[in-house]
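Taking it in order: structure first as structure tokens, then the write-up.
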There are 2 protein chains.
Amino acid sequence: MAIKLYELAGKDTSLPFSPHCWKARMALAHKGLEFEVEPVGFTQIAEIENGGQTIVPLIRHGEKLVSDSFNIALYLKAAYPDRGPGLFKGDDSIALTRFVESWCQTQIHPWAIKWAAMDIYNMLGEEDQAYFRTKREAAFGVTLEELVANREASIPQLKQLLMPLRLLLKHHPYIGGKDPIFADYIPFGALQWLRICSGLTMIEKDDPVMAWFERMLDLYDGQGRSVPEAKHSS
Amino acid sequence: MAIKLYELAGKDTSLPFSPHCWKARMALAHKGLEFEVEPVGFTQIAEIENGGQTIVPLIRHGEKLVSDSFNIALYLKAAYPDRGPGLFKGDDSIALTRFVESWCQTQIHPWAIKWAAMDIYNMLGEEDQAYFRTKREAAFGVTLEELVANREASIPQLKQLLMPLRLLLKHHPYIGGKDPIFADYIPFGALQWLRICSGLTMIEKDDPVMAWFERMLDLYDGQGRSVPEAKHSS
């Protein structure tokens, strides 16, 4: 029985863009599991699975419902201990991977949302646009238009924020070492979010982070590459 | 046969302060190994072990000489696979730990040197002072005095830079999970450097990072606490 993955989507449901949903999708692909995707808008989350849900990604696996990308990865590790490569390999890998998540959520995501806010907004249906604008404008205390107004000036900051990943890549091809693990899907999700919503014009083509990201896009028959990069950016 | 650890020291050789040497010292203590410490100044490194060495920490173990804290941890893992708790536990832990090192060296160390530069300078002997001043002033393009002049203004930046560690600590007591691993000794080294050179006045007492740091100071019969915190700061 295939797993169902509820993923955030905009007007064009063929363009899933949520960084968190990409982490879950890559974790499923990593384990070689069959899954079907059900796209949902921000304002539809409360209605799925007879209500009571507040976030995506959410998976249904038989009787089980599991939300949150890290929880989904832990669930897949427990449900399929011997299937495919490990998402977390050692006794210390779950906590170490949580460090990578903590880094990405506190350093890269705040940068990314300030870059992509209007691009995301333009991808959404009307009802989701209103929801997204209200929520984000309350969080940042400025309009979405003001948030992104001078975004080009923040490019050197992203270069500095990505230094931990860039330096790691001098030693290993993946955060998992020779092969990718769940920790790799975390910054992959962040860059995939920027790629699909805005296009990756903010990272230099010859940055080693891009070589790693291209390898990540190739994984699992090009799972990540199956959704195209944004053609232009607001 | 005890391992000899060459550690950076200033005029008062009872106050080893190098973050890199603290990583090596904690790795040795983690493995429950006996070691003797040999303090060296910056300008004495070239003379130790009949010359040819350029950095500390350096360990001599029988016929073997190993320098660089990460290399020393890898050496101890290989030399003592079954002794004490693992410094790296899974197949993916070495690369994940390299990510923590890459984060610390590119995000925390640049902040720390700009805070502690004059405090370090004041701990050194005359010859090392001249070496340190020349090297650091060339690197930063300003005098040491200018580098630290407005350091209090950078405190909010440190708070932001430590967010990955602070958020991880909501999930686990150590970066290694239930117990510390080599990855924990990496930011420990950075904060121990600040503690011994400057005093930890720049981090709020109730920051969860401080609770973790206090636990780290307690490890191995208070190895880290055996060197006192700086009483005052320049």
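The values are calculated or read from the model by the stated rules, or taken from the named source; none is laboratory data. Keep in mind the model is a prediction, meaning the values are calculated, not measured. We place every Cβ from the backbone using ideal geometry, glycine too, and count neighbours over all the protein chains shown. Quick note on the areas: whole protein, heavy atoms, side chains included, nothing else; ligands and nucleic acids left out. Shrake-Rupley method; radii C 1.70, N 1.55, O 1.52, S 1.80 Å.
Tabulated data
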read-out	value
Debye equation applied to the C-alpha atoms of the protein assembly as shown, log10 I(q)/I(0) at 0.11 Å⁻¹	-0.95
Selection from A:158, A:96, A:140 lying farthest towards where the dipole of region A:94-215 points positive, charges on Cβ	A:96
Relative contact order of chain B, pairs being alpha-carbon contacts under 8 Å that are 6 or more residues apart, as %	24 percent
Contact order relative to length of region B:93-226, as percent, for alpha carbon pairs under 8 angstrom and 6 or more apart	27 percent
Cα centre as origin, Lys/Arg/Asp/Glu Cβ charges: the protein assembly as shown dipole, Debye	260 debye
³J(HN,Hα), Karplus 6.51/-1.76/1.60, whole Hz, each residue of region A:37-43, x for Gly, Pro	9, 10, x, 9, x, 3, 7
In region A:93-226, lysine pairs closer than 27 Å at Cα, eight or more apart or cross-chain	9
Sequence-separation-based contact order of region A:3-79, relative, with Cα cut under 8 Å and 6+ spacing, percent	37 percent
By average C-beta atoms within 10 angstrom, highest first, the peptides A:179-186, A:194-201, B:71-78, A:221-228	A:179-186, A:194-201, B:71-78, A:221-228
Peptide-level mean, for B:198-205, of C-beta atoms on other protein chains within 10 Å	0
At 7 Å out from Cα toward Cβ: residue A:127 inter-copy label distances (nm, ascending)	7.7
Overall dimensions of region A:123-204 by Cα: Rg and Dmax, Å	16.2, 46
Charge dipole (debye, nearest 20) of region B:93-226; +1 at Cβ of Lys and Arg, -1 at Cβ of Asp and Glu	440 debye
Cβ-vector label at 7 Å, residue A:81, separations to other copies in nm	2.3
Ranked packing of A:134-146, A:115-127, A:18-30, most packed first, by mean Cβ within 10 Å	A:18-30, A:115-127, A:134-146
Counting DSSP beta bridges with both ends in region A:3-79, the antiparallel % (nearest 5)	55 percent
For region A:79-125 and region B:110-148, distance of Cα centres in Å	38 Å
Per the axis that maps chain A onto chain B, nearest residue of A (Cβ criterion) and its distance in Å	A:90, 1
CD proxy at 222 nm, helix term only [per DSSP H run n ≥ 4: -39500 (n - 2.57); per residue of chain A; nearest 500]	-14500 deg cm²/dmol
Number of partner chain Cβ atoms within 10 Å, mean per residue of A:164-172	6
Pseudo-label separations to other copies for residue A:204 - Cα-to-Cβ vector, 7 Å, nm	3.8
Karplus (6.51, -1.76, 1.60) ³J(HN,Hα), θ = phi - 60°, over region B:201-216, in Hz, Gly and Pro reported as x	7, 8, 10, 5, 4, 9, 5, x, 4, 5, 4, 4, 4, 5, 4, 5
Test item: A:102-109 mean partner chain Cβ contacts at 10 Å	5
Average accessible area per residue (Å²) across chain B - probe 1.4 Å, nucleic acids and ligands excluded	43 Å²
Area hidden from solvent between B and A (accessible, protein heavy atoms only, 1.4 Å, total, Å²)	2700 Å²
Derived scalar couplings ³J(HN,Hα) [region A:91-104; Karplus, 6.51 cos²θ - 1.76 cosθ + 1.60; whole Hz; x for Gly, Pro]	4, 9, 6, 5, 5, 4, 5, 4, 5, 4, 4, 4, 4, 4
